[in-house]
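In what follows, a single structure is set out as structure tokens and then discussed.
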Amino acid sequence: TDKERTFIAIKPDGVQRGLIAAIIARFENKGFKLVALKMLWPTKEKAESHYADLATKPFFKGLVAYFSSGPIVAMVWEGKDAIKTGRVLLGATNPAAAVPGTIRGDLAISVGRNICHGSDGPESAVHEIANWFAPEEVSDYPRSLDEWIVS
Ligand code: DAT
Ligand code: MG
């Protein structure tokens, strides 16, 4: 899993609050490699397919409305254990429980406005990357400092 990929998104509240650079910096500074990036305004339909696993939850309608309420920054980050470690960087789903030092722990207070998304497993990562990016939008490129980050 040295070249694992995860889908990370800055949700509409993160964009509105001017937290794009701060969130990207956490992933860059950690050592992960950015392999895809774009801003887009999700349609209701795309938000529904992104969160299809949660369709039966009572908060689903509100979640889809929130996720499609403005532009998001969609990204793919690559690196050793990027899925699991990416979620560590994001912090717990409910920012009230998220540890300080994490993105949600430092920058958010409400589960309904938790500013960021990260894939929760290998299958969801594949599904989510395909939901938001065409294959040619993801760049596979070498970085000379990789050997200084992973051994
Ligand atoms: P995560 O985003 O940490 O993967 P999830 O996949 O369980 O969490 O839920 C997706 C989003 O749905 C989450 O970021 C915020 C929202 N959500 C989850 N649980 C909720 C709840 N109990 N009430 C309101 N919104 C909730
Ligand atoms: Mg999730």
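Between VAL88 and SER110, the FRET efficiency from the beta-carbon distance, with R0 = 25 Å, is close to 0.75. In order along the range 123-140, the Karplus-derived 3J(HN,Hα) couplings, from 6.51 cos²θ - 1.76 cosθ + 1.60 at θ = phi - 60°, round to 6, 5, 4, 4, 4, 6, 4, 5, 5, 10, 10, 7, x, 6, 7, 9, 9, 9 Hz, and Gly and Pro are given as x.
For the chain, carbon and sulfur atoms together expose 58% of the accessible surface, with a 1.4 angstrom probe and every protein chain in place.
For LYS57, the lysines whose Cα comes closer than 25 Å to its Cα, not counting residues fewer than 8 places off in the same chain, are LYS11, LYS44, LYS46, LYS84. In the context of the full set of protein chains, the range 96-151 has a per residue accessible area of 63 Å² (1.4 Å probe).
Straightening the chain between LYS38 and ARG17 buys 5.8 nm, computed as 0.36 nm per residue apart minus the Cα-Cα spacing. Which value results for Rg/Rh of the chain when Rg is the Cα radius of gyration and Rh the Kirkwood radius based on the inverse mean 1/r? Ratio of gyration radius to Kirkwood radius: 0.95. Fully extending the segment from LYS57 to LYS30, taken as 0.36 nm per residue of separation minus the present Cα-Cα distance, adds 6.4 nm.
For the range 30-83, the calculated P(r) over all alpha carbon pairs, in 5 Å bins from 0 to the bin holding the longest distance, is 4, 19, 21, 17, 16, 15, 7, 0 percent. Packing here is the average count of other Cβ atoms within 10 Å per residue, and on that basis the peptides 24-36, 3-15, highest first, run 3-15, 24-36. Amide hydrogen proximity for CYS116: with H placed 1.01 Å from N in the peptide plane, the residues at 5 or more positions away or on another chain lying under 5 Å are LYS11.
With a cut-off of 18 Å on the backbone N, no residue of the range 18-32 is near the modelled label site 7 Å out from ALA96 along Cα-Cβ.
Taking amide H as placed 1.01 Å from N in the peptide plane, the amide H of ALA98 sits under 5 Å from that of ALA92, each at least 5 places away or on another chain.
The values are calculated or read from the model by the stated rules, or taken from the named source; none is laboratory data. Please read all numbers here as calculations on a predicted model, not as lab measurements. Note: ideal-geometry Cβ built from the backbone for every residue, glycine included; neighbour counts use all protein chains shown. Please note that ligands, DNA and RNA were not included when accessible areas were found on the heavy atoms of the full protein model with its side chains. Shrake-Rupley method; radii C 1.70, N 1.55, O 1.52, S 1.80 Å.
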